[in-house]
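All remarks here apply to the structure that follows.
The values are calculated or read from the model by the stated rules, or taken from the named source; none is laboratory data. Only a predicted model underlies this, so the values are computations on that prediction, with no experimental measurement involved. Here the Cβ positions follow ideal geometry from the backbone for every residue, glycine too, while neighbour counts run over all protein chains shown.
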Amino acid sequence: MSTINFPPKEIYDPPALEKKNFEHIILWMLYNNDECEWANFTQKPLELRLSTLSKYLSLMKGRGHVENISRGHYKITPEGKKRYLELSQNKEKGRSLSYPPSIITRRRNYDHWILWIVYNNNYCKWSDFIEEDSPVRINQSSLSKNINLLIDKGYIEKEEKKYMITRSGKVEYSRMLQGYNLDRQSILEEESKRIEDITLKTIKFFDKYNIEDKNIQFRLLNNILKLDYTRVEAMLTNEEDFNKILLYISINHPSQYSEYVTTKEFSESYKIKQSKLEYYIDEIVENQIFPIKFFKLKVQPTMNYYFQEGERLEIMLRAIIEDHITKFTYLNKLFSRILDINDVLNDILEDICELLFPNELKSSLNDFIPEYINYLAYKIEAKVEFKETLDKLEGIIWQDMIDIFQTRSVEELQEDYREEIEKLDVKIKAKPKNLDLYYSKIRILIYYNQFNDVLTMLDEMLEIFPESELDIKMKKASVLRRMQEVNAGLDIINELITKYPQNNDLINYKAYWLQYLDKKEESLSIIRDLVEKNPNNAMYHDTYGELLMYFEQYEEGIQKFLKAIELGGSEWYIHQTFIKLGICYKELKNFNLALENLEKGKKLTESGSIDDETKQKWITIANLFLLEIEQLEE
C-alpha cells in the first residue's frame, strides 16, 4: 500500500480546551487516501482507542459515509465526501490544508502555487499563504499581484474573504500540470479528483430532477465530463441550464426510441427556455463548439435522436460499415466488379437494424448512412498518405467513397481546419527551413481534402527545398491521383524517370500508375522488365504478384508471391505478401492453402512492429477472406 497521508496535528491533537472530533479525523483520513486499514487509525500519530474507532466506524457505516471494502480496509463513499467537506468548511480550527509537492514549489511560479492550493482545498484564506509556518509562504506584494491576476482571469473567486477555484480554474489547473514532470499516478489522481467533483454535483442534479434511468444517467455524466462548461460559460451563465441541455441530448438517444421528448415538453418540465435549449443543441451538434462530435438521426421534421462519436453504439456502427465497405471495395474493384453501392447500403441497413437500431428507424437510417459513410471516408482516406510502392490494398479500400458520397462543402471544411493551419503557419514562419513542419501542414490539408492548397504548397516547397525534389514531386503525383487526375500524376513520374534513370523504384511506381489507368499490358510489361533486370529484389516480385492479382491472373500471381517470400522472408512487408497469396488461393478455390497463408499473414501482422492503423487494416482484410472461405465451405 502507498504512503498514508495523515491530518495536521491541530486536527488529531487539538488544544486542551477543544474536544477531538473523531468523525472529522476518520473522514479526513479516508478522504485524503484511497483507502485505510484499521491499523492506520490505532498507531501513531493518531493512536485512536479500539473502542472509539469501532464505535465511530459503525456509526459512519450506518449513515452511508464509510464502506468496508474488505476485512480491516475502509473507503469513503460519495456521501462521506459530502460530509467531510461540510465538516472542513464549518470548523475553522479543524481545517486542514494540502500543499503542492516540491516539483511545483521549486519554481517561483506563485500563480501555480496559489492555483494548486485553492484546487486541492475547499477554500483558502489570505493568511494561508503568508503565515511563517506555511510551506508556501509568499510575500504580501507578490501574493496580491498573483491573486488579483488569477481573479481577473476568472480562475479563482473571492467570497467572504475566502478564495475558491472556479470551473475555468480547474481547466487551467489541468493545463498547468502538463508543464511539470509528474508521474503517471499523480496525473491520474488529479484527474480523479476532477471526476469526483463533477460526479458529486451530477448526483445532486439526478436527485433534484428525479433522473433514475441508469442509461440516461451514464450518458449525461459522460457528456458532462467530456464537454467543458467553461467553453460556453460567458454566454450561458447558469451551469444547471447547461446540464439540462446535455440531459436533453442524453434522453433523446436512439436506444430510447419511442420515448422521445420534444424541446417544448422538455422546456416546460425542466424550466428552461425553449429557444435557449434549441440554440445550444444546434451549437453542440451542428456547429461543434466542443471537440466531441455528435451525430443527428432525423426521424421527423421536429424529431431528432443524438449519439456521440466514440460511444458503444457508434463504435459498433462503424465496425459494421467498415466491414461492408471493405468487402464492397475489394470485390468490386479487384474481382467481380458487379456489386452496386445500393446493394451494400441495403446490406448495411439489414445488419444495423438487426443488431443496433429498431426497424422503425430504417427509413431515417437510409438517409443517414450515406452521410455517415461520407464522414468515415474523409476521416479514414485522408489519414492514408501514399508513401510507399506498397500502398496496396489500404489505398484501395476507401479511395472511391468520397466520390460516391460527395456531400461535404468546401466552406465546412475550411472552418474545420483553419485553426490547425494557422497554428502551423506560425511555426513555419518561425522555422522556415524545417521540412517536417511543411509535411505536417500537408497532412492536415489532405485530411480535410484541400488538394488544390496542397498542390500550391508543394510547388512552393520545391523552391525552398530543391534537394527534396524527388519526394516532393512524388507527393504531388499522389495528390493528383486522389483528385482523379491520374494521367497528370503519371506525367510527373515519367519526368522523374527521365531525370533519375537509375532509380528503379520510380519504375515500380509507374507500374502501379498504369494499373490505376487499367492499362494492363503496359503495367505488366514494365514490372516484368523490372523483375528481369532485378531478379533478387523481393519487393518487385511482390509488386508483380499484386498487379497480376489485380488483373485476375491468380496462378501467375501466386508464383510471384512465392518468389517474394523466398527472397524476402524477413522483410517488413512480408505479412502482406502472405495475405495476398491466400487471397489468390481463395479465388482458385484452394481453400486449404488459402486458410494456411491468410492465417500466417494475419499472425505476422499481429506480431509485427508496424503502426496500429496499418496493422488493423491488414487484419481486417485477412478476416474478411477467412470469413468468406468459412461461408463458402458451409
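Quick notes
- On the stretch given as the stretch 249-286, residues that are closer than 17 Å to residue 301 by Cβ and among the polar types (S, T, N, Q) total 4.
- Number of residues in the stretch 138-160 that are out of contact with any Asp or Glu (no Cβ under 7 Å at 6 or more places or on another chain), not in a helix (DSSP H, G or I) and not hydrophobic (A, V, I, L, M, F, W, C): the value is 7.
- Qualifying position, being out of contact with any strand residue (DSSP E or B) (no Cβ under 8 Å at 6 or more places or on another chain), among the hydroxyl-bearing types (Ser, Thr, Tyr), exposed (fewer than 14 other Cβ atoms within 10 Å of the Cβ) and modelled with pLDDT of 90 or more, among 407, 456: 456
- Flag for residue 275 being outside any helix (DSSP H, G or I), among the hydroxyl-bearing types (Ser, Thr, Tyr) and either at pLDDT below 90 or over 25 Å from residue 210 (Cβ atoms) (or both): no
- Selected residue [at pLDDT 80 or above and either touching a Cys at 6+ places or on another chain (Cβ under 6 Å) or of a type in the set (A, V, I, L, M) (or both)] from 579, 621: 579
- Filtered residues of the stretch 273-298 (kept if buried (at least 19 other Cβ atoms within 10 Å of the Cβ) and farther than 18 Å from residue 224 by Cα): 297
- Test: residue in the stretch 466-488 that is under 30 Å from residue 578 (Cβ atoms), outside any helix (DSSP H, G or I) and at pLDDT 90 or above: no
- Pick from the stretch 597-613, criterion modelled with pLDDT under 75 and part of a helix (DSSP H, G or I), ranking: surrounded by the fewest Cβ atoms within 10 Å (Cβ to Cβ): 612
- Residue list for the stretch 229-261, filter: crowded, with 16+ Cβ neighbours inside 10 Å, among the hydroxyl-bearing types (Ser, Thr, Tyr) and closer than 19 Å to residue 275 by Cβ: 248
- Annotation note: Cβ proximity below 7 Å between a residue of the stretch 423-437 that is farther than 17 Å from residue 469 by Cα and a residue that is surrounded by 12 or more Cβ atoms within 10 Å (Cβ to Cβ) and of a type in the set (Ser, Thr, Tyr) (sequence gap 6+ or interchain) occurs for 424/440; 428/438.
- Taken across the stretch 262-272, residues that are closer than 24 Å to residue 364 by Cβ, part of a loop (DSSP other than H, G, I, E, B), modelled with pLDDT of 90 or more and touching a strand residue (DSSP E or B) at 6+ places or on another chain (Cβ under 8 Å) do occur, with at least one present.
- Filter pass, residue 307 being on the phi < 0 side of the Ramachandran plot and under 18 Å from the mean Cα position of the chain (by Cα): yes
- Candidate set from the stretch 511-562 (those that are basic (Lys, Arg) and surrounded by fewer than 21 Cβ atoms within 10 Å (Cβ to Cβ)); member that is farthest from residue 585 (Cα to Cα): 533
- Among residues of the stretch 43-62 that are assigned by TED's automatic domain parsing to the domain that holds residue 83, those with a beta-carbon under 8 Å from a residue that is of a type in the set (Gly, Ala, Ser) and surrounded by 12 or more Cβ atoms within 10 Å (Cβ to Cβ) at least six positions away or on a different chain give the pairs 60/80.
- Number of positions in the stretch 209-234 that are charged (D, E, K, R), over 25 Å from residue 257 (Cα atoms) and assigned to a helix (DSSP H, G or I): 1
- If you go through the stretch 584-624 and pick out every residue that is within 19 Å of residue 328 (Cβ to Cβ) and either aliphatic (A, V, I, L, M) or under 29 Å from the mean Cα position of the chain (by Cα) (or both), you end up with 9.
- Hits in the stretch 568-596 (condition: aliphatic (A, V, I, L, M) and buried (at least 16 other Cβ atoms within 10 Å of the Cβ)): 574, 579, 581, 583, 594, 595
- Answer from 285, 299 - the residue that is under 19 Å from the mean Cα position of the chain (by Cα) and either β-branched (Val, Ile, Thr) or assigned by TED's automatic domain parsing to the domain that holds residue 370 (or both): 285
- Residues of the stretch 36-53 that turn out to be surrounded by fewer than 17 Cβ atoms within 10 Å (Cβ to Cβ) and either under 47 Å from the mean Cα position of the chain (by Cα) or in a loop (DSSP other than H, G, I, E, B) (or both), as a count: 9
- Failed condition for residue 237, given (1) within 21 Å of residue 296 (Cα to Cα); (2) part of a loop (DSSP other than H, G, I, E, B): (1)
- Listed by first and then second residue, the pairs linking a residue in the stretch 24-36 that is hydrophobic (A, V, I, L, M, F, W, C) to a residue that is part of a loop (DSSP other than H, G, I, E, B), with Cβ atoms under 6 Å apart and 6 or more places separating them unless they lie on different chains, are 28/7.
- Selection status of residue 79, surrounded by 15 or more Cβ atoms within 10 Å (Cβ to Cβ), outside any strand (DSSP E or B), among the acidic types (Asp, Glu) and not assigned by TED's automatic domain parsing to the domain that holds residue 198: yes
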